Structures are given as structure tokens and as C-alpha cells.
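K.L.:
I have a structure I would like to understand better, so I am pasting it below and will then ask my questions one at a time.
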Amino acid sequence: MKPAAFDYLQAATLDEALDALHEAGGDARVIAGGQSLVPMLNMRLARPAVLVDIMRIEALQKIERSGGDILIGAGVRQAKLEAWPDLVDRLPLVAMALPWLGHVQTRARGTVCGSLAHADPSAELPLSLIALRGSVHLRTKRKKRTVSAEDFFLGMMATDLAEGEMIEAVSFPARADGTGYGFNEIGRRHGDFAITAVAAVMTEHSASIAIAGVDDRPRRFDVPLPGNSGLDDALNEIAWDLNARDDIHASARYRRELVRRLGRRTIEEAAACLA
Amino acid sequence: MTKVAMKVNGRQVSGEVEGRTLLVHFLRENLGLTGTHVGCDTTQCGACTIHMNGQAVKACTILAAQAEGTDIVTIEGIATGGELHPMQAAFKQHHGLQCGFCTPGMIMASIDIVNRHGSDLDEQTVRHELEGNICRCTGYHNIVKAVLAAAGAQEQRQAAE
């Protein structure tokens, strides 16, 4: 047996899942697609007493428009979002990011919200949510709350999720007219964790970039427009502002250089997509 | 213990498992289907790739209990009678294996690629979509050749049926 023992509960309804999470307190974890959690269980880096499977809950399976947002339920698999016919039109940045995420086989199982809950600092979906200034809808047995992406990601694999709380859905702001997007990533191999990934969002008057894989969480910065001579200086400041560290995959210096170069390239691609 | 039931290679099966039992272990140890291999058990190497409800997935990061009610196909379920599946035949013909450890996963992933792309598959797509399967012997060239060859063969078989 790879994982440590746990009780497995397949919840049929949201109430059933929330009751189980409430009763187990901090000892329970939600399992959705399991593509981040099961490796953690197999390596015994996670040892929950109870796993609450939410994938049979019909209410969590939706992708729908909600005002200017696209609301994606906690049961929506990455492959389902990838195949959503409106994806390129409504969420072009997410459409660019998804092919970088794991492999065909893992996207067939893994969920959008599961990747957010796992909060790997180099992950593409948390990066996209930060870049687009989205928000996460959380729920316990007793109350619901909505937290901005900035406030949700607290650090390496750490989120604002409280005991007994689960993600019910995520809101990604849909493409606004006159907005361009760019996405780039460097990793050892395609599908691996990113050494550095960059998402850019541009309008005629503003530009911002978000960066994953460098600091302990994805972070977003406003930057000068690409025609402005201050862009390289701004990217250099961001590179130093991020808490880059050496690890087995790359040095902090290399990551800072990626922020500068990949940052500029991604902003230029967003500008081209705008034009 | 949890009771699970699913269809495996066209046959209805069931068993009692612990919550923590991985699907790949249920297949190998409870059902004796040892063609599905366990490599990394962290969804990186692809040796455990099977089809679940028609999609390629990695059986080392799925709990057996999560597979309740699904339709599973493993490497043991793709040949018909004594005749190899066209993908198996193509791997044999093009020498798409050496030690063979990754082969069941490679073949299940490759069939899924051909199912989704059909015969207009190109080399770049094959290489890109096999990224979730690691082979330490072949250098991939012959695997890619086999998949491209089988893409034509599989289409012909579907057309003939």
C-alpha cells in the first residue's frame, strides 16, 4: 500500500460533503481529480484521516457565465474546460495556459479547482487566476465566502482555506474587448513544473504581468506599456523584488533572467494579440 | 473496506478494497492483470496508463474506489482473439520497444492519441502527446514511427468495420 490509511467517502450531494468536512475538522481533505493529492498521498507527504470525494456531486460540474465572469465548479476537470467550445473566445489566457499543464492523461482527471487548492507556486492555473484577478468561492457547512486570488494564495502549497472549508467554484473574469493576452513557460520538460511561467494582460492603456515558479506564490505586477523605455527597468525591479531561490532545477539568477526576458516576450505577445 | 464494481476489459468485476487501494494495484493484485505497470506512482512516467470511460488516464493516482462504475480497458483487453491490436502490431513491426517496461502504457496512450486525432496525425503531435510517457531505452524514434504507422492502420480497420 502506498498511501497511509484513510476513510474514503463518496459524497452524493454538496451538503453531504460539507457535513463530512465539518465533522472531521482538520483531518479531512477533499479529493477531486486527485492528480496532485494522490501523488502526495503515495509519497505520504499528506496523511489525511478522511478523504471526501466530490466528483459525483452534480451541482459542482458546471461551467457557466455569471456577469462578466466564467464560473467553473469544483468538479470540472481540466480536459472538460479545454474542450469547452467558448474557451478561446471567453478565456483566451486560460486556453494558452492549459496545454502546459501536466499531460493529456493528467488533464483527463485533474480539476481546475483542485489545482488552485494544491497551490503549487509554479502551477499555471493559479498563475492565470492571479493574472486575470479572479476569485475563489469557498464554502463550509455554515457559511459561504468569496476570496480574491491575491488573498487566496498564501505561500507554497498554502491557501486561505480554513478547516471544514472547500472550494465550491472559481470565477475567471472573461475576456474584455480591447484586451490582449500572452503566456510563456520554461521548464525542464514540457508538462513538468515550470521553472518560470509568465502571463501578461494588456489593454491600450495598461499592462500587467503575473509570474509563477519564482516566489512562493504567483504574483502580479503592473508594468509600463511595451513601447515605453521603462519596461526593461520595471522587469528588472520585479526580478529582484521576487524572492527567487536556487533549487535543483535552476538558480535564482537564472530565474531572474527568465523574468526579464520571458516577461518582455510575453508582454510583446500580448500587445501583438491586442493589435 | 469499500466494495467496488466496474467493468474491466468488457467483463463486470467487483472486489473489497481499502480506501487507499490504488486502481493500478486493484488491477494487478486483485484481478491479476499485471500488464499495467507501476513506475513512479506520481503520474509522471505513464507506465500505468489505461483507458477509463474511453480516455487515457494514469492508474497509479486514481483510487480504486474512485473507479466505481467506470469502464476500464487495460493492455490485456485490446487484442481480439489471437490477433494483436494494430498499435501492438505496429510497435512490434517498427521495434518500438527494448526492455518493454513502458510499452503497455505507451500503447494505451498511443491508442488514445489515434482515437482523438485519427489518421491526420503528425509527428509533432505524437511527440507532444506522448510527453506523459517516459521510455528509458528507445530514444522514442521507433515509438513515434509505430504510432504514425498505426494511425493509418487503425483508420483502415474502423473503415472496414
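K.L.:
Determine which single condition A:ARG109 fails, assuming it passes every other condition in (1) more than 13 Å from every other protein chain (Cβ to nearest Cβ); (2) part of a loop (DSSP other than H, G, I, E, B).
P.N.:
With respect to (1) more than 13 Å from every other protein chain (Cβ to nearest Cβ); (2) part of a loop (DSSP other than H, G, I, E, B), A:ARG109 is out only on (1).
K.L.:
Would you point out which residue out of A:HIS137, A:HIS118 is surrounded by fewer than 21 Cβ atoms within 10 Å (Cβ to Cβ), more than 14 Å from chain B (Cβ to nearest Cβ) and in contact with a Ser or Thr (Cβ under 9 Å, 6 or more places away or on another chain)? Step through it out loud before you land on a result.
P.N.:
Details: A:HIS118 fails: more than 14 Å from chain B (Cβ to nearest Cβ).
When all the criteria are applied, what remains is A:HIS137.
K.L.:
Would you check which residues across the stretch B:60-103 are more than 23 Å from B:GLY39 (Cα to Cα) and surrounded by 24 or more Cβ atoms within 10 Å (Cβ to Cβ) and list them?
P.N.:
Scanning the stretch B:60-103 gives a single hit, B:ALA90.
K.L.:
Taking the stretch A:102-121, which residues are under 10 Å from the mean Cα position of the chain (by Cα) and not charged (D, E, K, R)?
P.N.:
Step one: of the stretch A:102-121, the residues under 10 Å from the mean Cα position of the chain (by Cα) are A:112-121.
Listed by number, the residues that qualify are A:VAL112, A:CYS113, A:GLY114, A:SER115, A:LEU116, A:ALA117, A:HIS118, A:ALA119, A:PRO121.
K.L.:
Go through the stretch A:160-190 and give me each residue that's within 23 Å of A:ALA244 (Cβ to Cβ) and out of contact with any Lys or Arg (no Cβ under 9 Å at 6 or more places or on another chain).
P.N.:
Looking only at the stretch A:160-190, we keep the residues that are within 23 Å of A:ALA244 (Cβ to Cβ), and these are A:182-190.
Of everything in the stretch A:160-190, those that are within 23 Å of A:ALA244 (Cβ to Cβ) and out of contact with any Lys or Arg (no Cβ under 9 Å at 6 or more places or on another chain) turn out to be A:PHE183, A:GLU185, A:ILE186, A:GLY187, A:ARG188, A:ARG189, A:HIS190.
K.L.:
Something else about it: Only one of these is free of Cβ contacts under 8 Å to residues at least 40 places away in the same chain, within 10 Å of chain A (Cβ to nearest Cβ) and not in a helix (DSSP H, G or I): B:VAL24, B:VAL13, B:VAL38. Name it.
P.N.:
On the way: B:VAL24 fails: not in a helix (DSSP H, G or I); B:VAL13 fails: within 10 Å of chain A (Cβ to nearest Cβ).
Only one candidate passes the filter, namely B:VAL38.
K.L.:
Okay, next question. Can you tell me which residue is nearest to the chain's Cα centre (by Cα) among those in the stretch A:77-94 that are farther than 21 Å from B:ALA56 by Cα and outside any loop (DSSP other than H, G, I, E, B)?
P.N.:
A:VAL94
K.L.:
Given (1) over 21 Å from A:GLY110 (Cβ atoms); (2) within 12 Å of chain B (Cβ to nearest Cβ), identify the lone condition not met by A:ASP15.
P.N.:
The one condition A:ASP15 does not meet is (2).
K.L.:
Give me a count of the residues in the stretch A:72-106 that are within 11 Å of chain B (Cβ to nearest Cβ), buried (at least 21 other Cβ atoms within 10 Å of the Cβ) and not charged (D, E, K, R).
P.N.:
So the answer is 5.
K.L.:
Any idea which of B:GLY152, B:GLY96, B:GLY105, B:GLY100 is modelled with pLDDT under 95 and not assigned by TED's automatic domain parsing to the domain that holds B:LYS7? First the steps, then the outcome.
P.N.:
Values: B:GLY96 fails: modelled with pLDDT under 95; B:GLY105 fails: modelled with pLDDT under 95; B:GLY100 fails: modelled with pLDDT under 95.
Criteria check complete, one pass: B:GLY152.
K.L.:
Which of the residues that make up the stretch B:40-54 are of a type in the set (Gly, Ala, Ser) and surrounded by fewer than 21 Cβ atoms within 10 Å (Cβ to Cβ)? Give the steps one after another, and end with the answer.
P.N.:
As a first pass, look at the stretch B:40-54 and keep what is of a type in the set (Gly, Ala, Ser): B:46-47, B:54.
Matches in the stretch B:40-54: B:GLY54 only.
K.L.:
Just checking, which of B:VAL57, B:VAL114 is in a strand (DSSP E or B), surrounded by 19 or more Cβ atoms within 10 Å (Cβ to Cβ) and within 14 Å of chain A (Cβ to nearest Cβ)? Break it down into steps so the answer makes sense when it comes.
P.N.:
Values: B:VAL114 fails: in a strand (DSSP E or B).
The conditions single out B:VAL57.
The values are calculated or read from the model by the stated rules, or taken from the named source; none is laboratory data. Small disclaimer: the values here were computed from a predicted structure and weren't measured. Using ideal geometry, Cβ is built from the backbone for each residue, glycine included, and neighbour counts are taken over all protein chains shown.
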